[in-house]
Amino acid sequence: MRYSKLFGKTIKNAPSDEVAVNAKLLTKAGFIRKEIAGVYNFLPLGLRVLNKISNIVREEMNAIGGQELELTTLQNKQSWEKTGRWSSFDVLFKAKSQLDIEYPLGPTHEEVIVPLAKQFVNSYKDLPLYVYQIQTKFRDEKRAQSGLLRGREFLMKDLYSFHTDEKDFEKYYEIAKKAYKKLFQRLGLDAIETQAGGGTFSKFSHEYQVVAEAGEDEIIYCPAFAKASVGKPGCHFSQNQEIAGVKENESCPICQKKLAKAKAIEVGNIFPLKTKFSETFGLTYKGKDGKENPVVMGCYGIGISRLMGTIAEVYNDEKGIIWPKSVAPYQVHLIMINDKGLRIKKRADEVYEKLQKAGIEVLYDDREDVSAGGKFADADLIGIPVRLVVSEKTGDKIEWKKRSEEKTEFLSEEELIRRLV
């Protein structure tokens, strides 16, 4: 992509009404623009990041048997009345049509997926079943000042599992926990698996929390958890402050080390629904003995757009964002430093074409009216993992610099492509 043609350029200053670091950085770097409080437009750079996050989540959900579908945003009011949540769900958006018909705008999809599953699940032979979607959700949040971390419109993955009994559910629950750990690692995040309250469904559920000053939650956890979260031996103790049975500086009940308290961003959660919704809607299956039994359910959520905001909160410095390789909008940011002639431009164009032909994703700053300093500043702000420079100084080589490092190297085209492919 030629930067001169890109829709959505960098700006020097973030809007004065943005408070959160993620909103300031993503706005300045040309990834998002606010529509109204808690609602953001994703520009081409932002959509590329969002899609990469979605694809990693999609791959891991497919790997544990998930079937992707897409459920409706406009939902059935009667279903919400049946569960009692039409009046009790405090952030529910309610829309009224010109025919005076009311619709809930989907903040979650139990009221849609369970009646739908009822049309297809009849026998124990139809179970277990795992279905998921990646879809825009709507919640009428009173506070929406945290950028992508708390929105009124946001992208989310929710998976629902359907089982014959709790034993089968618990088996899949553990499989989902492993999948969550893997996908967060692929995103470059140390997400701590944290015990939380289960509300009306169960005694406990699990949240996935990323330690960050911008977090709205507080967790009590064992510092040894960091080792465990990347697949190494370590302690696995972490509890949400709201249900914690221990306090900061007390001994960890598992390894006896002193517990720590930290602010954290919840990026995912998994919890048992048991038979709450299946009983409400009469979702049953006929067992081998011919008897009807309620289907046991689980729910597994991940905030896709919140993940994008979380990564921006965690990976940045005074110059801008530092995207992990797995979700960066492009692999490399190629910069042409113009010599007022045509030779360097021609050379940079050739490098751009060769990189593209090799299947490498390139953002090419081909602007001729911007200084080298301005281009370098934009590259640092945007945060693509590798910066490449073609100039008089580089000669027949190409300057290579990682966004996270100060060291530069000079590589031939062949060396460059071998390193990137």
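Only the coordinates and a few stated rules stand behind these numbers; no lab work does. For clarity, every value in this text was computed on a predicted model and none was experimentally measured. Quick reminder, even Gly has a Cβ in these numbers, built from the backbone with ideal geometry, and neighbours come from all protein chains shown.
According to the square roots a ≥ b ≥ c of the eigenvalues of the Cα gyration tensor, what is the shape class of the stretch 68-113, taking rounded for a/c under 1.5, prolate for a/b larger than b/c otherwise, and oblate for the remainder? Note, shape of the stretch 68-113 comes out oblate. In loop segments of the stretch 299-360 as defined by DSSP, the GluC sites (Glu not before Pro) with at most 11 further C-beta atoms inside 10 Å of their C-beta are E318. Exceedance of the 31 Å cut-off in Cα-Cα distance is limited, within the set K354/K375; K247/K325; K178/K257; K325/K357; K94/K261, to K247/K325; K94/K261.
Would you tally the net charge around Y160, using a Cβ to Cβ cut-off of less than 15 Å, leaving Y160 out, and scoring K and R as +1, D and E as -1? Taking every Cβ under 15 Å from that of Y160, the sum is -2. Between E166 and K142, the contour length at 0.36 nm per residue exceeds the Cα-Cα span by 5.0 nm.
Output ³J(HN,Hα) for the stretch 45-55: one whole-Hz value per residue in order, computed from phi by the Karplus curve 6.51 cos²θ - 1.76 cosθ + 1.60 with θ = phi - 60°, and x for Gly and Pro. After applying 6.51 cos²θ - 1.76 cosθ + 1.60, I find 4, x, 5, 4, 5, 4, 5, 5, 4, 4, 5 Hz.
Taking the Cα centre of the stretch 236-292 as reference, the dipole from Cβ charges on Lys and Arg (+1) and Asp and Glu (-1) amounts to some 120 debye. Please give me the summed charge of the neighbours of T284: other residues whose Cβ is under 15 Å from its Cβ, Lys and Arg +1, Asp and Glu -1. Charge balance near T284 sits at +2.
First check a/c for the stretch 332-420, with a ≥ b ≥ c the square roots of the eigenvalues of its C-alpha gyration tensor; if it is under 1.5, answer rounded, and if not, answer prolate when a/b is larger than b/c or oblate otherwise. Rounded.
Okay, helix-only estimate at 222 nm for the chain: each DSSP H run of n ≥ 4 adds -39500 (n - 2.57), divide by all residues, round to 500 deg cm²/dmol; what do you get?
Values: 12 runs with 125 residues, N = 421.
Calculated at 222 nm, the ellipticity per residue is -9000 deg cm²/dmol.
Counting alpha carbon pairs within less than 8 Å and at least 6 residues apart, what relative contact order, in whole percent, applies to the chain?
Details: 861 pairs, mean separation 68.0, N = 421.
The value is 16 percent.
Take every DSSP beta bridge whose two residues both sit in the stretch 332-420; close to 45 percent of them are antiparallel. In the chain, the longest principal axis of the Cα atoms and the axis of helix 343-357 are about 30 degrees apart.
The relative contact order of the stretch 89-161 comes to 30 percent, based on Cα pairs under 8 Å that sit 6 or more residues apart.
Under a 5 Å amide H cut-off, with hydrogens placed 1.01 Å from N, K402 pairs with R387 among residues at least 5 apart or on other chains.
Along the axis of the charge dipole computed for the stretch 261-373 (Cβ charges of +1 for Lys and Arg, -1 for Asp and Glu, origin at the Cα centre), the listed residues I311, V332, Y364 are led at the positive end by I311. In plain terms, the chain from E248 to K263 could stretch by 4.2 nm, reckoned as 0.36 nm per residue minus the Cα-Cα distance. Between helix 304-314 and the chain there is an angle of about 50 degrees, using the helix long axis and the longest principal axis of the Cα atoms.
Residue separation of I175 and F120 scaled by 0.36 nm, minus their Cα-Cα distance, works out to 17.4 nm of gained length.
FRET efficiency for the A377 to V421 pair, using the beta carbon distance and R₀ = 35 Å, is estimated at 0.75. Straight-line cross-link partners of K346 among the aspartates and glutamates, defined as a Cα under 13 Å from its Cα and at least 8 positions apart when in the same chain: D366, E368, E392, D396.
With Cβ to Cβ distances under 10 Å as the rule, what net charge do the other residues near I36 carry (K, R +1; D, E -1)? Working shown, then result.
Numbers: positive: K34, R152; negative: E35, E153.
Within the 10 Å Cβ shell, the charges total 0.
With contacts taken as Cα pairs under 8 Å and at least 6 residues apart, the stretch 332-420 reaches a relative contact order of 31 percent.
Modelled label positions at R33 and S97, each set 7 Å beyond Cα in the direction of Cβ, lie 3.3 nm from each other.
Would you mind classifying the stretch 1-143 by shape? Square roots of the alpha carbon gyration tensor eigenvalues, ordered a ≥ b ≥ c; an a/c under 1.5 is rounded, otherwise it is prolate if a/b is larger than b/c and oblate if not. List each step's numbers first, then the result.
Working: a/c = 2.85, a/b = 1.51, b/c = 1.89.
It comes out oblate by the Cα gyration axes.
Too long at a 21 Å Cα-Cα cut-off: which of K345/K407; K28/K181; K263/K319; K9/K319; K5/K407? It would help to have the intermediate numbers written out before the result.
Numbers: K345/K407 25 Å; K28/K181 31 Å; K263/K319 24 Å; K9/K319 16 Å; K5/K407 30 Å.
Violating the 21 Å limit, Cα to Cα: K345/K407; K28/K181; K263/K319; K5/K407.
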